[in-house]
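**Student:** Shown below is the structure under consideration.
The values are calculated or read from the model by the stated rules, or taken from the named source; none is laboratory data. This structure is a prediction, so every number in the text was calculated from the model and none was measured. Cβ atoms come from the backbone with ideal geometry, glycine included; neighbour counts cover every protein chain shown. Surface areas here come from the heavy atoms of the whole protein model, side chains and all, with no ligands, DNA or RNA. Shrake-Rupley method; radii C 1.70, N 1.55, O 1.52, S 1.80 Å.
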Amino acid sequence: MKRLAVLGYPIAHSKSPVIMLAAISELGVEESFDVVELAEGLSEWMASSANNYDCLSVTIPLKPEANAFAETLDDASRATGSTNCLIKTSTGYAGFNTDGFGLKQAVYGLDFRTVSVLGTGATARTALHAFSDKDLRVWGRDKAKAETLADRFGALATDLESAMSADLVVSTLPIGVLP
C-alpha cells in the first residue's frame, strides 16, 4: 500500500485532501492518505522518522522548501521555484509543479488573450509561467514584489482596477484579502 500525505500550514482550508481522496476512490487503489500540518522545516521533517511517505502533496508555505529539497525537478518547478508534489524515487525525491497544469485544465476551451494574476507568491509564479503565451498582468499588495515578478515573467505590473479588467483573472491571494 502506498502512503500519501498533504503537507502545509494552515491546512484546514486545503482542498487537497478532498481531491486526493476522491481520486484514490475513483481509481479504486489501496492507498493511505494523511494530512500533516507543517509550517516550516520541511528538510528536517523529511529526514525524520515521521516521513515514511511515497508521495507528498505540498501546499503553502512549503512549496519553495520542497523545490530546494527535491533531488530532481520538472521544468515548471525549475521555472517557478515552486514544487507542489514530491515523489519518492530510489535515490531521493523528484519534485513536480502540477499547479500550472491544473490552472490550464480549469480554463481549457475558453478563449482569452489577457490574464491578470493577483498575488506575488509561489502560486502567482506558477500562474504566470502557465499562461506565458498570453498578455500577462500582475498585481500585488507589495508593489515592488509585483514589479519584480512582472520583470521575471514578461508581464506588466498594474493597479488592481486594471488587473480586474483582464479576460481571465487568477487570484492567488489568501482568503479575505480582497472583498
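**Student:** Counting only other residues whose beta carbon sits under 12 Å from that of GLY140, what net charge do I get with K and R as +1, D and E as -1? If you can, show how the numbers build up before the last one.
**Tutor:** Working: positive: ARG125, ARG137, ARG141, LYS143, LYS145; negative: ASP142, GLU147, ASP159.
After counting each charged neighbour, the total is +2.
**Student:** Next question, about the same structure. Based on the mean of other Cβ atoms within 10 Å per residue, sort peptides 101-109, 166-174, 74-82 so the most packed one is first.
**Tutor:** Per-residue Cβ counts within 10 Å, averaged per peptide and sorted highest first, yield 74-82, 166-174, 101-109.
**Student:** Then there is this: Net charge near ASP167, counting Lys/Arg +1 and Asp/Glu -1 over other residues with Cβ under 12 Å of its Cβ?
**Tutor:** With Lys, Arg at +1 and Asp, Glu at -1, the net is +1.
**Student:** While we're looking at this one, here's another question. Pull up all non-local amide H partners of VAL169: gap of 5 or more, or a different chain, and H-to-H distance under 5 Å with H placed in the peptide plane.
**Tutor:** Placed amide hydrogens put SER116 under 5 Å from VAL169.
**Student:** Using DSSP to call loops (not H, G, I, E or B), can you name the GluC sites (Glu not before Pro) in segment 1-84 whose Cβ has at most 15 other Cβ atoms within 10 angstrom?
**Tutor:** Numbers: sites: GLU26, GLU30, GLU31, GLU37, GLU40, GLU44, GLU65, GLU71; in loops: GLU30, GLU40, GLU71.
Those that pass, being in a loop and sparsely packed, are GLU30, GLU40, GLU71.
**Student:** Heavy atoms of the protein only, probe of 1.4 Å, neighbouring chains included. What is the accessible area of ILE87 in Å², nearest 10?
**Tutor:** Using a 1.4 Å probe on the heavy atoms, I get roughly 70 Å².
**Student:** I've got another one for you. Projected onto the charge dipole of the chain (+1 at Lys/Arg Cβ, -1 at Asp/Glu Cβ, origin at the Cα centre), which of LEU56, VAL169, ILE19 gives the Cα projection farthest towards the positive end?
**Tutor:** VAL169
**Student:** Roughly how many nanometres apart are two label points built 7 Å out from the Cα toward the Cβ at GLU71 and ASP142?
**Tutor:** 3.3 nm
**Student:** So, with a 1.4 angstrom probe, what is the percent of accessible area on segment 64-149 that is carbon and sulfur? Don't skip to the end; give the middle numbers.
**Tutor:** Details: 2270 of 4290 Å².
Answer for segment 64-149 is 53 percent, counting heavy atoms of protein chains only.
**Student:** Now a separate question. So how do LYS15, LYS88, LYS134 rank on accessible area, 1.4 Å probe, biggest first, that is with the largest at the start? Don't skip to the end; give the middle numbers.
**Tutor:** Details: LYS15 140, LYS88 95, LYS134 70 Å².
Correct descending sequence by accessible area is LYS15, LYS88, LYS134.
**Student:** What is the sum of charges, Lys and Arg at +1 and Asp and Glu at -1, for the other residues whose Cβ falls under 11 Å from the Cβ of LYS63? Can you show the working numbers first?
**Tutor:** On the way: positive: ARG125; negative: GLU65, ASP99.
Surrounding charge for LYS63 is -1.
**Student:** Highest mean first, what order results for 110-120, 45-55, 148-158 on Cβ atoms within 10 Å? Write out the running numbers ahead of the final one.
**Tutor:** Working: 110-120: 19.0, 45-55: 14.0, 148-158: 17.5.
Put in order of decreasing packing, that is 110-120, 148-158, 45-55.
**Student:** Just to verify a number: what accessible area does THR59 come out at with the full protein assembly present, 1.4 Å probe, Å² rounded to tens?
**Tutor:** Around 20 Å² of this residue is reachable by solvent.
**Student:** While we're on this one: Working out 0.36 nm times the residue gap between ILE87 and GLU37, then minus their Cα-Cα distance, what length gain in nm do you get to one decimal?
**Tutor:** Values: separation 50, 0.36 × 50 = 18.00 nm, distance 1.87 nm.
Extra length available between ILE87 and GLU37 comes to 16.1 nm.
**Student:** Across 10 Å bins from the origin, how do the percents of Cα pairs in the chain run, short distances first?
**Tutor:** Distribution as computed: 10, 35, 34, 18, 4, 0 percent.
**Student:** A further question follows. Work out the length of the dipole vector of the chain about its Cα centre, built from +1 on the beta-carbon of each Lys and Arg and -1 on the beta-carbon of each Asp and Glu, and round it to the nearest 20 debye. If you can, show how the numbers build up before the last one.
**Tutor:** Numbers: 15 positive and 22 negative charges, 40 e Å.
Result for the chain is approximately 200 debye, rounded to the nearest 20.
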